[in-house]
Amino acid sequence: MTELRRRGAAADPDSTDNLSDKEADGDDRLGLVGDAEGECEGDTKANTPDVPPSADNTPEYLNKALEGLSSRWRNWWIRGILSLTMISGFFLIIYLGPVMLIIVVMSVQIKCFQEIITIGYRVYHSYELPWFRTLSWYFLICVNYFFYGETVADYFGALVQREEPLQFLVRYHRFISFALYLAGFCMFVLSLVKKHYRLQFYMFAWTHVTLLIVVTQSHLVIQNLFEGMIWFIVPISIVICNDIMAYLFGFFFGRTPLIKLSPKKTWEGFIGGFFSTVVFSFIFAYLLSQYQYFVCPVEYNSETNRFAVECQPPDLFIQQEYTLPSNLQLKTVHLYPFQIHSVALSSFASLIGPFGGFFASGFKRAFKIKDFADTIPGHGGIMDRFDCQYLMATFTHVYIASFIRGPNPSKVLQQLLVLQPEQQLSIFNTLRSHLRERGILPPAVLEAQ
Amino acid sequence: NWSLQRRKGLFLFKGSETEGRADRDGASDTEGKQDVPEVPVPADDTPEVLNKALSGLSSRWKNWWVRGILTLAMISFFFFIIYLGPMVLMMIVLCVQIKCFHEIITIGYSVYHSYHLPWFRTLSWYFLLCVNYFFYGETVTDYFFTLVQREEPLRILSKYHRFISFALYLTGFCMFVLSLVKKHYRLQFYMFGWTHVTLLIIVTQSHLIIHNLFEGMIWFIVPISCVICNDIMAYMFGFFFGRTPLIKLSPKKTWEGFIGGFFATILFGILLSYVMAGYRYFVCPVEFNNDSNSFTVYCEPSELFQLQYYVLPSVLQSATGWTTVRLYPFQIHSIALSSFASIMGPFGGFFASGFKRAFKIKDFANTIPGHGGIMDRFDCQYLMATFVNVYIASFIRGPNPSKVIQQLLALRLDQQLHIFNSLKAHLIEKGLLPAVEEAA
């Protein structure tokens with residue numbers, strides 16, 4: 001302890017950098033000492049058995065296949081092979097359909113949650129806290145139950161009306177979710193143990209922030225998916241493309257560093273990635289807009305009990321003529337309006353998306369970890385691949401809600417039928433006069449009273 | 001106090017090393033309060049006038065009197081603002097929210113000694129503004145639909161509301177990322193997390209309170225009164241009869257206080273709702289009148305607030321000799337509300353107690369003499385407000401008609417026509433519309 005005090009007093013600027021929040025001695029000083037010692041040099045990786053060095057995780061056959069190459073090229077090959085594998089996996093699950101996609105989104109969410117919570121345990125050495133693992137997973141289940149319930153109620157209205165227990169669950173859904181959450185809250189309060197208060201509150205907050213980030217945004221991804229698979233595929237592809245393009249441009253032309261937080265990023269990579277991503281998205285949107293499979297909202301067919309993707313393509317996906325400014329050779333171009341929107345999406349992905357990556361880099365530096373986990377050889381954890389995606393998913397959702405989608409008609413009708421009769425009548429009259437104004441309904445014929 | 005000065009000097013100039021050390025020092029009991037300039041010892045804060053008036057009494061009774069007088073002052077203030085109307089209530093809710101946020105953030109600063117982190121104070125307040133903008137925008141759009149449609153700038157703000165809110169939030173997020181400084185990463189992330197959890201707890205729940213208020217002032221007054229009553233009654237019962245401790249976290253609470261408070265609060269809830277349900281001022285939803293540009297509370301009371309006859313179960317019949325009672329249905333609901341306030345509300349209090357012990361603070365702040373900070377008074381209220389909102393959404397309220405109209409008018413015309421026909425068929429079936437069809 002005195003050792004630490006002296007070093008602190010000596011104003012060593014780097015002493016605060018390599019830290020682990022190690023609980024040393026003492027009763028109530030537990031969390032606090034951990035916090036303080038977290039600021040001093042000491043055992044970092046050696047104390048954290050859950051994070052082996054990355055290089056050991058490469059499968060044997062890859063190692064054998066690449067043993068001839070030098071270390072730098074070997075790393076490059078591993079990353080390349082895994083990238084291709086992941087992209088192929090992505091195409092495969094798109095082919096398999098919406099149900100598969102939802103299951104994959106769910107699995108990714110659970111894995112990301114687990115990775116971040118595991119980091120929390122390591123940081124606070126709170127793996128043995130009473131109840132805490134149970135409580136974290138319980139809160140995950142509660143929040144998922146709440147969100148999935150809302151989604152099911154919105155999109156599967158017909159199915160819900162049919163089944164009696166589902167009807168009950170839907171009607172009192174918020175109350176049931178709240179009761180479940182409260183049970184977890186009370187369990188937390190009852191589990192507070194005298195010496196570990198601060199740690200327990202830290203883990204409680206850590207769990208909640210993780211839920212906020214990971215679970216809400218994965219549900220936004222699923223809602224985007226229901227709008228049409230193109231709203232799921234294009235944003236994800238754009239982020240992947242921006243990653244790869246920025247890396248390549250940085251690799252070949254990179255000179256000026258972009259931000260101190262991520263020393264490997266360069267301005268050349270950033271700008272090159274921006275332009276190439278916009279072009280890529282423009283072309284990719286053109287390709288995908290032609291297929292009903294991608295463009296139509298995902299609907300649940302009550303008769304066949306499966307998801308159907310079949311519709312009249314919305315205006316957004318019907319080619320239209322746009323006149324170009326007169327000083328160019330072409331007078332008009334045929335474009336899908338969605339391609340214009342894809343330019344907006346790709347601009348966001350290239351300009352603001354990297355901030356999600358910087359946030360994750362800052363987080364990793366703050367807690368002295370190299371990668372979130374070691375699931376993917378050469379790339380790190382699932383969270384490492386998805387850190388930019390979450391911001392993109394939220395943006396896509398907000399974009400759709402603000403600029404594209406109107407309210408869901410069946411939901412509006414459902415709400416209408418629940419209102420009081422007088423309210424229904426007044427709405428009916430308002431709607432009738434509105435439609436008459438628009439010329440959809442014939443003007444009022446005076447009836448004999 | 002030279003060692004204190006030296007420690008403060010180091011704290012100001014040396015940044016993270018001292019933060020680490022002061023945090024460690026903050027653990028030991030003696031040095032705790034002295035290193036934390038924002039939290040003075042409570043007893044010094046009593047106003048002079050009270051001190052003079054109570055100078056004769058012993059210390060224990062003086063504390064009791066101070067608490068009692070302040071309690072009466074707060075309750076009178078509560079009645080006064082109810083009299084002033086919904087507008088003032090909304091402003092008070094907003095002020096309470098800002099003060100609670102400020103208190104909790106200040107605690108975060110003192111825990112992490114991060115008061116001098118670059119940008120952080122600005123960012124916390126900025127995030128508060130963003131989230132409030134988002135919630136108030138949603139509320140205004142829902143409840144003041146016609147006003148919004150009238151004014152052109154409001155209409156655009158309302159149409160793109162989510163996008164604007166998100167853009168504002170993103171700006172704050174990017175500012176946070178750009179403000180990350182090499183030596184303070186962890187602290188900055190802690191403060192970021194602390195701010196967001198505080199926003200989640202305080203701001204969302206204060207907006208739920210405002211939603212409850214719009215349902216009818218009774219949905220605002222009765223829950224708050226039940227929590228206050230439970231506090232006071234549990235304290236009284238504990239004071240006079242208390243023997244078995246309730247939970248290690250709060251040694252002053254007893255089972256006798258808990259159970260006595262439970263029954264007393266239910267009784268109080270029934271009586272209070274009986275008194276209030278008779279007045280339109282409390283019972284009607286708050287609406288915004290376009291013509292007079294003010295809030296009006298005028299309506300036909302809903303079924304919930306009309307006296308009905310209930311047949312008593314035979315047990316109570318034999319006990320009281322009545323066969324039927326006339327009750328407002330709302331009184332039955334008030335039993336549910338007061339049960340929650342007595343049983344679950346204390347968990348909110350235990351949570352706050354655990355929080356205070358975890359971070360070694362006696363009170364959240366020192367705003368109210370004898371009671372602590374605003375947050376100390378409101379810790380049980382937040383859980384109650386969320387419960388009331390969920391209760392109303394699940395058991396009482398249907399969808400909001402103006403919101404439904406708003407959504408209807410945003411649909412495509414063919415969808416509107418389809419809904420129009422469905423609705424017409426439904427109304428004809430119910431007999432609300434004559435069956436005479438117009439020539440199509």
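Just so you know, all these numbers are worked out from the coordinates, no wet-lab data involved. What you are looking at is a predicted structure, and each value in this text was computed from that prediction instead of being measured. In this analysis, Cβ positions are derived from the backbone assuming ideal geometry, glycine residues included, and neighbour counts consider all displayed protein chains.
See the values below:
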{"item": "Simple spin-label estimate for B:Trp119 and A:Trp131 in nanometres, 7 Å along Cα-Cβ", "result": "3.8 nm"}
{"item": "Normalised alpha carbon radius of gyration of the range A:190-292 [divisor 2.2 N^0.38 Å]", "result": "1.60"}
{"item": "Nitroxide proxy distance, nm - points 7 Å out along Cα→Cβ at B:Leu417 and B:Ser314", "result": "6.3 nm"}
{"item": "For the range B:194-295: rounded, prolate or oblate by the Cα gyration tensor [a/c cutoff 1.5]", "result": "oblate"}
{"item": "Length released on extending from B:Lys362 to B:Tyr274, taking residue separation times 0.36 nm less the Cα-Cα span", "result": "27.8 nm"}
{"item": "Gain in span if fully extended, A:Lys331 to A:Glu422, counting 0.36 nm per residue against the direct Cα distance", "result": "27.2 nm"}
{"item": "Estimated FRET transfer efficiency (A:Gln292, A:Glu164; beta-carbon r; R0 41 Å; 0.05)", "result": "0.75"}
{"item": "Cα-projected label distance for B:Ser394 with A:Met100, points at 7 Å along beta-carbon direction, nm", "result": "3.8 nm"}
{"item": "Normalised contact order of the range B:233-312, rounded percent, pairs of Cα under 8 Å and 6 or more residues apart", "result": "20 percent"}
{"item": "Surrounding net charge for A:Leu169, when Lys and Arg each add one and Asp and Glu each subtract one, Cβ distance under 15 Å", "result": "-1"}
{"item": "Stretch gain in nm, segment B:Leu129-B:Tyr160, where the contour uses 0.36 nm per residue and the Cα spacing is subtracted", "result": "9.4 nm"}
{"item": "Relative packing of peptides B:222-235, B:353-366 - highest average C-beta neighbours within 10 Å first", "result": "B:222-235, B:353-366"}
{"item": "Long-range HN-HN contacts of A:Lys265 with modeled amide H, under 5 Å", "result": "A:Leu258, A:Ile259"}
{"item": "Inverse of mean 1/r across different Cα pairs in the range A:234-323, Kirkwood, Å", "result": "15.8 Å"}
{"item": "Amide H partners (placed H, <5 Å) of B:Phe364, local residues excluded", "result": "B:Gly373, B:Asp376"}
{"item": "Whole-Hz ³J(HN,Hα) from phi, Karplus 6.51 cos²θ - 1.76 cosθ + 1.60, for the range B:97-109, glycine and proline x", "result": "4, 5, 5, 4, 4, 4, 5, 5, 5, 4, 4, x, 4"}
{"item": "Set B:Lys183/B:Lys356; B:Lys248/B:Lys356; A:Lys264/B:Lys182; A:Lys195/B:Lys183 screened for pairs whose C-alpha atoms are more than 25 Å apart", "result": "B:Lys183/B:Lys356; A:Lys195/B:Lys183"}
{"item": "B:Arg326/B:Phe263 FRET efficiency (R0 25 Å; Cβ-Cβ; nearest 0.05)", "result": "0.65"}
{"item": "Distant-in-sequence amide H partners of B:Gln308 (H built 1.01 Å from N, under 5 Å)", "result": "B:Leu327, B:Tyr328"}
